[in-house]
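Encoded as structure tokens, the structure appears first; notes follow it.
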Amino acid sequence: MLHIAIIDDEHLALQYLYLLLNKIEGVQVTGKYIDAGDLIQHVQVTDLDAVFIDIHMPVIKGTDLAEQLLDIKPSLHIVFVTAYDKYAVKAFELNAVDYILKPVKQERLPVTIQRIKERKAVEQEIATCKSSFVIKDLGVLQIYHGNKWIEVKWRTSKAKELFAYFIHNHQNTIRKSELIDLLWSNLPWEKANAQLYTAIYQIRKVIRQIDAPIKIVSQKEFYQIDMGDGIQIQSHEFKLDAQYLLKENKVDVEQYFAVLEVYGGEYLAELNYSWAAAERKMLKDLWVKLINKFSEHLHLHEEPASYNISKMKDLTGFDIKATDILKEKSRV
């Protein structure tokens with residue numbers, strides 16, 4: 001989903017552009033503004049992909065406004081809309097994604113949207129190759145740097161489970177006594193405490209070896225995992241994206257496939273830790289709700305043998321419940 005804001009000093013032109021953009025699948029207009037100050041405030045607090053700016057406005061030139069917005073958010077994609085073509089050179093000096101002449105035509109806008117998507121995809125790929133670590137925990141627990149799988153050799157199964165538990169609680173502090181009760185409750189306190197320190201040492205050693213921006217921080221009787229910039233946790237990202245899609249009334253096919261492709265199996269499935277059971281069920285329930293909503297949309301709007309329905313079957317075929325949902329929807 002592309003999140004876009006628009007600004008024009010003419011109310012009718014603003015409303016017309018708003019209506020045209022809302023007809024395009026995969027686009028959400030998060031705000032339409034006449035006042036530049038209101039748009040600046042919106043950009044400061046909203047996760048935006050692009051802004052459509054009328055260049056010729058009475059209070060501030062669109063190119064000057066674009067410079068201010070790019071100072072706030074350098075990753076913002078700018079599209080200029082104007083009845084005057086004399087500003088085109090300045091527009092492209094600002095590295096604008098596109099430059100559209102008024103009156104805006106419906107058939108012209110998909111070209112602009114595609115350009116935004118392509119530039120955004122290139123930027124994301126560059127960022128991923130540079131710094132991104134992904135901890136995959138839907139199915140097999142794995143660590144990736146960019147698109148490259150990193151082989152991690154855990155000295156003990158307890159160290160691996162402890163690492164998984166830290167990731168599971170990445171937003172919380174954890175008492176040392178909780179970790180001992182979880183993993184070494186069968187041992188005397190002193191020996192259990194020693195085992196905990198040994199496992200922490202092993203985890204820190206692995207983190208150094210893979211050069212990930214992760215720290216295990218110790219404070220008196222507590223531990224906390226500190227996740228630096230460039231770290232993604234697969235299950236966490238899936239949960240946020242799934243919850244967002246389920247709240248939306250409009251079904252974006254591309255967005256649904258992107259989120260469903262992330263779910264390659266149940267949470268920490270191959271490890272079967274009892275403490276992960278509640279999270280495993282919650283994530284599975286979200287996945288099933290996505291399949292229900294998406295399947296209903298596909299079977300209402302597409303033929304039974306369509307590419308998207310076939311793709312949906314391939315994506316979810318590893319799960320009996322998902323397969324049953326698709327069969328049921330096809331009979332409706």
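Some values worked out for this structure:
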| item | result |
| --- | --- |
| Estimated FRET transfer efficiency when R0 is 41 angstrom, pair residue 84-residue 178 (beta carbons, to 0.05) | 0.05 |
| Heavy-atom accessible area order for 287, 154, largest first, 1.4 Å probe | 154, 287 |
| Exposure of residue 327 as accessible area (Å², to 10), given a probe of 1.4 Å and all protein chains | 110 |
| In Å², nearest 10: area of residue 47 left accessible to a 1.4 Å probe | 120 |
| Sum of side-chain charges, residue 310 neighbourhood, beta-carbon under 11 Å (Lys, Arg +1; Asp, Glu -1) | -1 |
| Cα shape, the range 172-283, gyration tensor, a/c 1.5 rule | prolate |
| GNM top mover of 283, 70, 245 - the chain, alpha-carbon springs below 10 Å | 70 |
| Relative contact order computed over the chain (Cα-Cα under 8 Å; 6+ residues apart), in percent | 12 |
| Whole-number percent relative contact order across the range 118-182, with pairs defined as alpha carbons under 8 Å at least 6 apart | 17 |
| Inter-label distance for residue 194 and residue 285, nm, one decimal - labels placed 7 Å from Cα along Cα-to-Cβ | 4.4 |
| Paramagnetic reach from residue 64 in the range 37-55 [backbone N under 14 Å; point 7 Å along Cα→Cβ] | 37, 55 |
| Accessible area (Å², 1.4 Å probe, nearest 10) - residue 261 | 100 |
| Mean ellipticity per residue at 222 nm, deg cm²/dmol - from DSSP H runs of n ≥ 4 across the chain, formula -39500 (n - 2.57) | -17000 deg cm²/dmol |
| The range 221-288 versus the range 195-218: alpha-carbon centroid distance in Å | 24 |
| Computed lengthening from residue 246 to residue 75, 0.36 nm per intervening residue step minus Cα-Cα distance | 58.9 nm |
| Centre separation in Å (Cα based) which lies between the range 33-58 and the range 312-327 | 43 |
| FRET efficiency estimate (nearest 0.05) - Cβ-Cβ, residue 275 to residue 10, R0 45 angstrom | 0.15 |
| Lysines with Cα under 18 Å of residue 105, excluding same-chain neighbours fewer than 8 positions away | 23 |
| Contour minus Cα-Cα distance for residue 303 and residue 104 (0.36 nm per residue) | 68.3 nm |
| Span-like helix ranges in the chain, DSSP H, alpha carbon extent 18 angstrom or more, Kyte mean at least -0.5 | 109-131, 189-210, 277-301 |
| Student exercise, the chain dipole from Lys, Arg, Asp, Glu Cβ charges, in Debye to nearest 20 | 1120 |
| Gain in span if fully extended, residue 261 to residue 222, counting 0.36 nm per residue against the direct Cα distance | 10.4 nm |
| Relative contact order for the range 1-124, counting Cα pairs under 8 Å that sit 6 or more residues apart, in percent | 22 |
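The values are calculated or read from the model by the stated rules, or taken from the named source; none is laboratory data. If you're wondering where the values come from, they're calculated on a predicted model, not measured in any experiment. Here the Cβ is made from the backbone with ideal geometry for all residues, glycine too, and neighbour counts use every protein chain on show. Heads up: the accessible areas ignore ligands, DNA and RNA and are worked out on the full protein's heavy atoms, side chains in. Shrake-Rupley method; radii C 1.70, N 1.55, O 1.52, S 1.80 Å.
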